[in-house]
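Asks: Pasting in a structure now, in structure tokens, and then I'll have a few things to ask.
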Amino acid sequence: MPEIADDGRTWLLSGPTSSYALHLTEADELVHLHWGPGIALVDAEALAALPPSARGASFESPLDGREEYPVEGGPRFVRPALSVRTAERRGTEWTFETYETDGADEAGGDGLRLRFRDGGLAVTLHYRMRGDVVERWTTLRNDGEEPVELLRADSATWTLPERDDWRLSQLHGRWAAESRLTRSPLTYGEKVIGSRRGHTGHQHLPWVALDTDATEERGEVYGCALGWSGSWRIAVAQLPDARVQITGGAGYDDSGLLRLAAGESFSTPVFAGLWSDAGFGGASRTWHAYQRAHVIPDAGQDRPVLFNSWEATYFDISEEQQATLARRAAAIGVELFVVDDGWFGTRTGDHAGLGDWRPNPDRFPNGLKPLADQVHGLGMQFGIWVEPEMVNPDSELYRAHPDWVQFQPGRKRTEFRNQLVLNLAREDVQEYLWEQLDTLLSSAPVDYVKWDFNRCFTDAGWPDDPYPQRLWVDHVRALYALLDRLRAAHPGVAFESCSGGGGRIDLGIMSRTDQVWTSDNTDPLDRLDIQHGFSQIHPARVMAAWVTDSPNTQLNGRASSLRFRFVSAMAGVLGVGGDLSEWSEADLAEAREWVDLYKEIRPLVQHGDLYRLRPPAGGLSAVQYVRGDEAVVLACLQVQRFGEPVPALRLRGLDPTSSYECLETGEVHRGAVLLHHGLRTGLRGDLDAMVIRLRRI
């Protein structure tokens, strides 16, 4: 339960190591007090009693940099989190009504709601403590008789304590090069990241972290992550007096989010934040634990080793060919066989078939059930690929309903990958997709769906709607509702989020899917950087990683050993995507050994605590997972120059007073020695890799 001061105007939420406090002044101004190490209520009250710092006469605002949720209007100059417009006026002049705690918090947790009102507009600020993660979101309800236009409705504004020399961490990229970590000094003004593409995007993950002098395992780190799978924006502002605020939410600009008719309401996505004093690694482990406990469905279950047919066959598939691959996959220990693109409609390439979700009668004359039964008979689960939000103009669906796509009247309908985006905001489109997918999942014993999204919004219009801006929000809400409905109707089916690789990865989609496809780039060397960035916020339990053929024909032609490819991919949810029909018997036998080893270490990788021992900076890189008395290290040597010895790996998360046996060599090591002096790997040359298992004795 939140702690509340006797006057009912100061609130304190606390987790195991951190606290968050806010205060309502006598003038009903909601100001931020504290976010950081744990404090007592009396400390929060002492902070509330401090006078605000002096500002520069009429040129500065007494509220800027102090307000918990800045609105547009009044004595404010910072970026507003809330901007609304009615027929009479623009802006907000709200008054405080009441607060509520925990009892009405339908989602559970340590909850607080603060209720405000501006005429007919009711605004509720929500807070919930999940361990050391603070979840924040905002609900707006139109109790008036006239429409209210939401130009901007951010989830939250986060206020950081006064410090010198803040540094900003973010994850940037593009297709096949997602989630790359960059850190830079924060300068005066605003740094804005986001997506105006209709989905989360390959260019940025909706996460930022700020620190002043943190290392991987020491120092204060503040982090924020947004749970929204459409267009979004996070703005990090260093104000003129050096204060820092982070504001974020759905939508990229202020041209209009949606219109609330009388009686309608809108809840923003969750914008979660955490403080850690254990460096970037400690912050990551807190994020991972939070997602496993509160975000990811069935997170306690192991994700199976999968085989995906895409890079083996592309569009040229048949039931017999897939059955042959399935037998080879089963022989190396695969647990889930996934048929990728090309099984439906007239799908012999990317030019046709999207929208017609029925098995191709020439390729699967009796539907998918015979193949699924064969796969199950081999002891594996059966999965398929779909891309429900898209349609090819060359499809039965588009010929019957050309008005079901997003388009602008009188403008050319832009095609990427020969496809258009269906307007999921339409109820008839939602019902069509439900019927198609429900029928599909009922027609065969499907255990797994890879849900793809292979192009961005371009002509995002809806001619029949008077306020087409809502398409951007309602598409995402309809996607969530469809996934929720399918999961409820088919509880045994797992879902993977994919968007040309890592184009739709965020806390929102993760709350409805079991894992994500991290990148279309399966080169094991490139993946070290991608996985390093991904791990800053998301756990290995959702990070799909494949072993594919060598040389890597899709991107760079780089050759690498099966050992290096497997060790790189074993840092997440292991998959195989190579053409097994071309693998030698020796390769298949070696692959079986790696798959067996992965199954042994899987509980540590998917459910353990991650320690990034060395980043992938060109030489030796390594990650370590610890769970209970066991630890595993995945070490990769990218290149060895000038014959220099490979450095020892200083391990983390071990008991310095205990001894640990290496299961590979039988050697016994003292925990203190491993922590302070490290472990020699024996790696040498280029693109070498190894797995090291340790058990406390």
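The values are calculated or read from the model by the stated rules, or taken from the named source; none is laboratory data. If you're wondering where the values come from, they're calculated on a predicted model, not measured in any experiment. Neighbour counts are summed over all protein chains in view; Cβ atoms, including those assigned to glycine, are modelled from backbone coordinates with ideal geometry. Side chains are part of the model used for accessible areas, which takes the heavy atoms of the whole protein and leaves out ligands, DNA and RNA. Shrake-Rupley method; radii C 1.70, N 1.55, O 1.52, S 1.80 Å.
Asks: Report the one residue of 516, 10, 674 whose Cα lies farthest in the direction of the positive end of the charge dipole of the chain (charges on C-beta: Lys and Arg +1, Asp and Glu -1; origin at the Cα centre).
Replies: Final value for the positive-end residue is 674.
Asks: Given the -39500 (n - 2.57) contribution per DSSP H run of 4+ residues, what per-residue ellipticity at 222 nm results for the chain, rounded to the nearest 500 deg cm²/dmol? Could you put the intermediate results ahead of the total?
Replies: Values: 13 runs with 145 residues, N = 697.
Per the formula, -6500 deg cm²/dmol.
Asks: Between rounded, prolate and oblate, where does the chain land on the alpha carbon gyration tensor, with a ≥ b ≥ c its root eigenvalues, rounded for a/c under 1.5, else prolate if a/b exceeds b/c? It would help to have the intermediate numbers written out before the result.
Replies: Numbers: a/c = 2.09, a/b = 1.21, b/c = 1.73.
Because a/c hits 1.5 or more and a/b fails to exceed b/c, the chain counts as oblate.
Asks: If you roll a 1.4 Å probe over the heavy atoms of the protein chains, what accessible area per residue do you get for the range 633-693, in Å²?
Replies: Working: 3170 Å² over 61 residues.
The answer is 52 Å² per residue.
Asks: Hey, another quick one. Evaluate the relative contact order of the range 346-412 (contact order divided by residue number), counting alpha-carbon pairs under 8 angstrom at least 6 apart; express in whole percent.
Replies: Details: 49 pairs, mean separation 26.5, N = 67.
Dividing the mean separation by the residue count of the range 346-412 yields 40 percent.
Asks: Rounded, prolate or oblate: which fits the range 204-360 when a ≥ b ≥ c are the square roots of the eigenvalues of the alpha-carbon gyration tensor, with rounded for a/c under 1.5 and prolate only if a/b beats b/c?
Replies: Values: a/c = 2.86, a/b = 1.62, b/c = 1.77.
Oblate, since a/c reaches 1.5 and b/c is not below a/b.
Asks: What is the dipole size for the range 235-351, taken about its Cα centre, with +1 at each Lys and Arg Cβ and -1 at each Asp and Glu Cβ, in debye to the nearest 20? Intermediate values should be presented prior to the final figure.
Replies: Values: 8 positive and 15 negative charges, 79 e Å.
The dipole magnitude comes to about 380 debye.
Asks: Still on this structure: Over the chain, what is the mean sequence separation of C-alpha contacts under 8 Å (at least six apart), divided by residue count, expressed as relative contact order in percent? Spell out each step's value before the answer.
Replies: Values: 1663 pairs, mean separation 68.4, N = 697.
Once divided by the residue count of the chain, the mean separation gives 10 percent.
Asks: Extending each Cα 7 Å along its Cβ direction at residue 28 and residue 320, get the distance between those two points in nm, one decimal.
Replies: Inter-label distance under the simple model: 7.8 nm.
Asks: Spin-label point model (7 Å from Cα, Cβ direction): what's the residue 485 to residue 261 distance in nm?
Replies: Computed distance between label sites residue 485 and residue 261 equals 2.0 nm.
Asks: Dividing the convex hull volume of the Cα atoms of the range 71-143 by its residue count, what figure in Å³ per residue is obtained?
Replies: Working: hull volume 7.6 nm³, N = 73.
Hull volume normalised by residue count: 105 Å³.
Asks: Per residue of the range 230-244, what does 6.51 cos²θ - 1.76 cosθ + 1.60 with θ = phi - 60° give for ³J(HN,Hα)? Whole Hz please, x for Gly and Pro, Karplus curve as stated.
Replies: Result, ordered by residue: x, 5, 7, 8, 10, 10, 10, 10, 9, 6, x, 8, 6, 5, 10 Hz.
Asks: For the chain, what % of the accessible area comes from carbon and sulfur atoms, probe 1.4 Å? Kindly include the intermediate steps, with their values, before the conclusion.
Replies: On the way: 12470 of 26090 Å².
Accessible surface attributable to carbon and sulfur in the chain totals 48 percent.
Asks: Right, here's the next one. Can you work out the FRET efficiency for the pair residue 467 and residue 596, with r the C-beta to C-beta distance and R0 = 51 Å, to the nearest 0.05?
Replies: FRET efficiency, residue 467 to residue 596: 0.35.
Asks: Moving to a separate point now. Show me, for the range 72-89, the HN-Hα J-couplings you get by feeding each phi into the Karplus relation (A = 6.51, B = -1.76, C = 1.60, θ = phi - 60°), rounded to Hz, glycine and proline as x.
Replies: 7, x, x, x, 9, 10, 6, 4, x, 7, 10, 9, 10, 9, 10, 5, 9, 7
Asks: For a quick check of your reading of the filter: which chymotrypsin sites (Phe, Trp or Tyr not before Pro) in the range 562-659 sit in a DSSP loop and have no more than 13 other Cβ atoms within 10 Å? Don't skip to the end; give the middle numbers.
Replies: Values: sites: 564, 566, 583, 594, 598, 611, 625, 642; in loops: 583, 642.
Here the sparse-neighbourhood loop sites are 642.
Asks: Sorting check: for 88-98, 243-253, 464-474, which peptide has the highest mean count of neighbouring beta carbons within 10 Å, and how do the rest follow? Don't skip to the end; give the middle numbers.
Replies: Numbers: 88-98: 13.3, 243-253: 22.5, 464-474: 17.2.
Answer by packing, highest mean first, reads 243-253, 464-474, 88-98.
Asks: So how much slack lies between residue 192 and residue 459, counting 0.36 nm per residue of separation and subtracting their Cα-Cα distance, in nm? Write out the running numbers ahead of the final one.
Replies: On the way: separation 267, 0.36 × 267 = 96.12 nm, distance 2.37 nm.
Difference between extended and current length: 93.7 nm.
Asks: With charges only on Cβ, +1 for K and R and -1 for D and E, what is the dipole size of the range 547-697 about its Cα centre, in debye, rounded to 20? Each step should come with its number before you reach the end.
Replies: Numbers: 18 positive and 19 negative charges, 144 e Å.
That gives a dipole near 700 debye.
Asks: Which three extents, in angstrom, do the Cα atoms of the range 582-689 have along their principal axes, listed largest first?
Replies: Here the spans come out as 49, 37, 24 Å, largest first.
Asks: Related question: Given Cβ point charges of +1 (Lys, Arg) and -1 (Asp, Glu) and nothing else, what value in debye, to the nearest 20, does the dipole of the chain about its Cα centre take? Walk me through the numbers on the way to the answer.
Replies: Working: 71 positive and 101 negative charges, 284 e Å.
Dipole about the Cα centre, nearest 20: 1360 debye.
Asks: Mind jotting down the distance between the C-alpha centroids of the range 349-378 and the range 423-444, whole Å?
Replies: For the range 423-444 versus the range 349-378, the Cα centre distance is 17 Å.
Asks: Now a separate question. What is the P(r) of the range 534-601, as percent of Cα-Cα pairs per 10 Å bin from 0?
Replies: 19, 51, 27, 3
Asks: Here's a follow-up. Please report the spacing between the Cα centers of the range 471-493 and the range 538-553 in Å, no decimals.
Replies: Cα centroid of the range 471-493 versus Cα centroid of the range 538-553: 26 Å apart.
Asks: In nm, to one decimal, how far is the modelled label at residue 139 from the one at residue 3, with both set 7 Å along Cα→Cβ?
Replies: 2.8
Asks: If you roll a 1.4 Å probe over the heavy atoms of the protein chains, what accessible area per residue do you get for the range 520-572, in Å²?
Replies: On the way: 1290 Å² over 53 residues.
I get 24 Å² per residue for the range 520-572.
Asks: Apply the Karplus curve 6.51 cos²θ - 1.76 cosθ + 1.60, θ = phi - 60°, to the phi angles in the range 62-71 and return the couplings in whole Hz, x for Gly and Pro.
Replies: x, 9, 4, x, 10, 6, 6, 8, x, 10
Asks: Compute the Cα gyration tensor for the range 419-481, then decide on rounded, prolate or oblate, letting a ≥ b ≥ c be the square roots of its eigenvalues: rounded whenever a/c is under 1.5, prolate when a/b is larger than b/c in the other cases, and oblate in all that remain.
Replies: Working: a/c = 2.67, a/b = 1.92, b/c = 1.39.
Verdict is prolate for the range 419-481.
Asks: Sequence-distant or interchain residues sharing an amide H contact under 5 Å with residue 144, placed H: which?
Replies: So residue 144 has HN proximity to 263.
Asks: Stretched out fully, how many nm does the piece from residue 655 to residue 58 gain, at 0.36 nm a residue minus the Cα gap? Spell out each step's value before the answer.
Replies: Working: separation 597, 0.36 × 597 = 214.92 nm, distance 5.85 nm.
Length gained between residue 655 and residue 58: 209.1 nm.
Asks: If you take the C-alpha gyration tensor of the range 397-525, multiply each eigenvalue by 5 and take the square root, what semi-axes do you get, largest first, in whole Å? Don't skip to the answer; put the middle values down first.
Replies: On the way: eigenvalues 132, 75, 40 Å².
Ellipsoid half-lengths, sorted descending, are 26, 19, 14 Å.
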